[in-house]
Structures are given as structure tokens and as C-alpha cells.
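S.K.: My questions all concern the structure below.
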Ligand SMILES: C[S@@+](CC[C@H](N)C(=O)[O-])C[C@H]1O[C@@H](n2cnc3c(N)ncnc32)[C@H](O)[C@@H]1O
């Protein structure tokens, strides 16, 4: 097992509910998550739950030189690693705080809206009140035509997401362990 996978498994056993996966997501799931992001027009990009950074590195490769990326990670060992890895990229803020507090960080930088939010949070592991708080904070932060892109290992999150977002399209990839669904949610 390579280092990043080994690391992930260790952290999963320490904090099962928060980490929510036994290994980092596959390239195929990353492709599905990022396929619907228009990097040319996205200036404020947000990532919830980067873990070891499998999606983060790809977002950074694709984003505009003038765009900003806000990355929220609540598990300290993951946060510390990513903070160090991206410390020289001024476009990237790695934040040791809950995704529920997104608005606070956008306000501090005078950013009115996020263009897109890419989330790996294990939504159905959380208490439903916390999930709704996080989704509401995402919806409030997004621009009117913004997208919230979320993967999950089941279709159970649909009933939560539809309470907040007006339209949801779902894609599936079997090339991930476990296989995963990608929800692309729009405000209107
Ligand atoms: C399923 S892992 C996904 C990691 C990585 N993006 C991937 O796909 O391999 C979920 C991540 O969300 C983080 N997390 C859980 N609750 C969070 C919260 N409220 N705010 C920010 N991050 C959170 C966990 O610590 C974990 O790293």
C-alpha cells in the first residue's frame, strides 16, 4: 500500500465518522467530480473535505492563475499536511475549520460569492442538523447559478440535498472503492 493510502486508513480508524472513507478517491471519481466545473470562469472555488488532497491537486492544476481556492479540512493531520504542501501557492487557503463556517472566510476576503463548491464530506455520517447547516451555508455562499458538487457512496443523500437545492443531476462511477455517485446540485 502506498503512503497516502496507508495514512488514510490509519486516520479512518482514529476518526471513522469524520473521515468517512478507508482510502482516497480514484482518478475516475476525480474526473467525474471536476468534469462539470468551468475553470475558465470560476474565480472563487471551495473544497470541503480534501483528506489527503487527491482532488485539491487537480483543482490547483486546472484553476486560473487569478482564482482563489478555499479548502476546509477538520481533521488536523490532513489539514497540517495540506497546509505545508500548498504554503507557497498564494491562491490557496487551507483552513482548519468546519465547512459550515465558509461564509466567515469569504466575508473576510470580501468575496461576495463562491462560483463552485466541491465536496467530499460524508454527509450521511453526520447528525442531520449538522448536514443541513453545512448545506445551507454552501447554498448561501454560492452565486445564483453556482454549483455544489458532492460525491457519496449511496443515493441516500438525495433527500437531504433536494431540501436545499432546486436541481440535482447524478452520475455514477464503478471505478472507485466503493463505487460512488456524484451529485451536481444547482440553486436554480
Ligand atoms: C471521505 S473523506 C474524502 C477525502 C478526499 N477528498 C477523497 O475524496 O479521497 C472526507 C473528508 O472530510 C473531512 N471532514 C469531515 N467533516 C468536515 C467538516 N465539517 N468540515 C471540513 N472537513 C470535514 C474529513 O476529515 C475527511 O478528510
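S.K.: Please work out which one of (1) more than 13 Å from the ligand (Cβ to nearest atom); (2) crowded, with 19+ Cβ neighbours inside 10 Å; (3) within 21 Å of residue 31 (Cβ to Cβ) is the condition residue 64 fails and give its number.
M.R.: (2)
S.K.: What tally of residues in segment 26-51 results from selecting those that are outside any helix (DSSP H, G or I) and either within 12 Å of the chain's Cα centre (by Cα) or on the phi > 0 side of the Ramachandran plot (or both)? If you could, list the steps in order and put the result at the bottom.
M.R.: Residues of segment 26-51 outside any helix (DSSP H, G or I): 26, 36-51.
Subset that is either within 12 Å of the chain's Cα centre (by Cα) or on the phi > 0 side of the Ramachandran plot (or both): 45-51.
Final tally of qualifying residues: 7.
S.K.: Let me ask you something else. Which ones in segment 155-171 are in contact (Cβ under 8 Å) with a residue 24 or more places away in the chain and in contact with a strand residue (DSSP E or B) (Cβ under 7 Å, 6 or more places away or on another chain)? So that I can check it myself, show each step before the final result.
M.R.: Start the filter on segment 155-171 by keeping residues that are in contact (Cβ under 8 Å) with a residue 24 or more places away in the chain, which leaves 155-158, 160-161, 163-165, 171.
Within segment 155-171, 155, 157, 158, 161, 165, 171 meet the criteria.
S.K.: Same structure again: In this structure, does residue 104 turn out to be surrounded by fewer than 17 Cβ atoms within 10 Å (Cβ to Cβ) and at negative phi?
M.R.: Criteria met by residue 104.
S.K.: Where in segment 73-188 are the strands (runs of 3 or more DSSP E), entirely inside, with at least 1 residues that are more than 17 Å from the chain's Cα centre (by Cα)?
M.R.: In segment 73-188, the matching strands (runs of 3 or more DSSP E) lie at 142-152, 167-173.
S.K.: Right, here's the next one. Consider residue 54 carefully, then state whether it is within 12 Å of the ligand (Cβ to nearest atom), within 17 Å of residue 152 (Cβ to Cβ), at pLDDT 95 or above and out of contact with any strand residue (DSSP E or B) (no Cβ under 6 Å at 6 or more places or on another chain).
M.R.: Here the answer is yes, as residue 54 does meet what is asked.
S.K.: For segment 109-154, give me each residue that is free of Cβ contacts under 8 Å to residues at least 40 places away in the same chain, within 11 Å of the ligand (Cβ to nearest atom) and touching a helix residue (DSSP H, G or I) at 6+ places or on another chain (Cβ under 6 Å).
M.R.: 123, 131, 133, 137, listed by residue number.
S.K.: Test residue 69 against the stated conditions and say whether it is within 10 Å of the ligand (Cβ to nearest atom) and closer than 20 Å to residue 37 by Cβ.
M.R.: Against the criterion (within 10 Å of the ligand (Cβ to nearest atom) and closer than 20 Å to residue 37 by Cβ), residue 69 does not qualify.
S.K.: State the number of residues belonging to segment 31-51 that are crowded, with 22+ Cβ neighbours inside 10 Å and either modelled with pLDDT under 95 or within 11 Å of the ligand (Cβ to nearest atom) (or both).
M.R.: The total comes to 7.
S.K.: Looking at residue 9, is it modelled with pLDDT of 95 or more and surrounded by fewer than 19 Cβ atoms within 10 Å (Cβ to Cβ)?
M.R.: Considered against the rule, which asks whether it is modelled with pLDDT of 95 or more and surrounded by fewer than 19 Cβ atoms within 10 Å (Cβ to Cβ), residue 9 comes out as no.
The values are calculated or read from the model by the stated rules, or taken from the named source; none is laboratory data. The model shown is predicted, which means the values in this text are computed figures rather than measured ones. Every residue, glycine as well, gets a Cβ built from its backbone with ideal geometry; the counts of neighbours run over all protein chains shown.
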